[in-house]
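The values are calculated or read from the model by the stated rules, or taken from the named source; none is laboratory data. Given the structure is predicted, the values throughout are model-derived calculations rather than measurements. Glycine also receives a Cβ, built like all others from the backbone with ideal geometry; neighbour counts cover every protein chain displayed.
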Amino acid sequence: MTKDFPIPPVVFPPSGSSPATANVQQRRVPTAPYQPPRSSPGSFSIPFMPSEIGSSVATSMPAGPFSGTISSSSSFGRGVSASFEDEEPLLDELGIHPDQIWKKTRSILNPFRINQTVHKDSDLSGPIFLYLALCLFQLLAGKIQFGVILGWVVVSSIFLYIVFNMLAGRNGNLNLHTCTSLVGYSLLPVVILSAVSLFLPQGAGPVRFVLGAAFVLWATRACSNLVVSLADGGEEHRGLISYACFLIYTLFSLLVIF
């Protein structure tokens, strides 16, 4: 026995009628956001901003689905190269002046005739190079003293700064930056002592002490003369300043000797 199911009739809208009259919902195709209007169903144009740097050369693309105009600048490369040529060298931007460092180092080589004018502009690049040189010579001697030497340089600069300002009082104008620069450049005799001690035999103890004393006096004279000449109020306390410098460079020489 078969059972009949009622099937509702299907009514198709007539041709030419609108969807509203036919009560048939149609899906709307979403459009992409920020899409430029198309000029024609088969092609669209891409707008390009004109170049404002120098002279521009316009290049037209052939007609087709992708059509437009590309503007290129011929002077853009020349502008970039000119800007690189006008920039300062890398060492000058870092505050490293090799000619100035060489003049200051050469002025320390003669302890009896030191040029104080080249040390008016203090810097820390030269003392850092001398510190690394001293650490390198000590490393060649089998002594790893990077942290010890760096700590003594900092403590020595602060010690000389405090001693001078206590002696000079209100007349003292020696800042810590200048003091660190002078102590670092006057470390050159100790660096030379460290290089010379590499060629001395292990049993030459008296020779090491004599050389150490000579180089300590050299460094003391150089540092005390620079401090007295560059800072105000230090001429009358030259002996005490020399004694502080003598203690500083005696400690560095003991690192080299022992």
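Here PHE164 passes the criteria (1) modelled with pLDDT under 90; (2) in a helix (DSSP H, G or I); (3) buried (at least 18 other Cβ atoms within 10 Å of the Cβ) except the one numbered (1).
If only residues of region 175-212 that are surrounded by fewer than 21 Cβ atoms within 10 Å (Cβ to Cβ) and assigned to a loop (DSSP other than H, G, I, E, B) are counted, the one that is modelled with the lowest pLDDT is GLY203. Within region 160-188, the set of residues being more than 29 Å from the chain's Cα centre (by Cα) and farther than 15 Å from ALA231 by Cβ is empty. Taking region 81-109 as the range and being polar (S, T, N, Q) and either surrounded by fewer than 11 Cβ atoms within 10 Å (Cβ to Cβ) or modelled with pLDDT under 85 (or both) as the test, the residues that pass are SER81, SER83. When restricted to residues that are touching a helix residue (DSSP H, G or I) at 6+ places or on another chain (Cβ under 6 Å) and closer than 12 Å to LEU217 by Cα, region 245-257 contains 6. With respect to the stated conditions, GLY169 fails to be at pLDDT below 95, out of contact with any helix residue (DSSP H, G or I) (no Cβ under 6 Å at 6 or more places or on another chain) and assigned to a loop (DSSP other than H, G, I, E, B).
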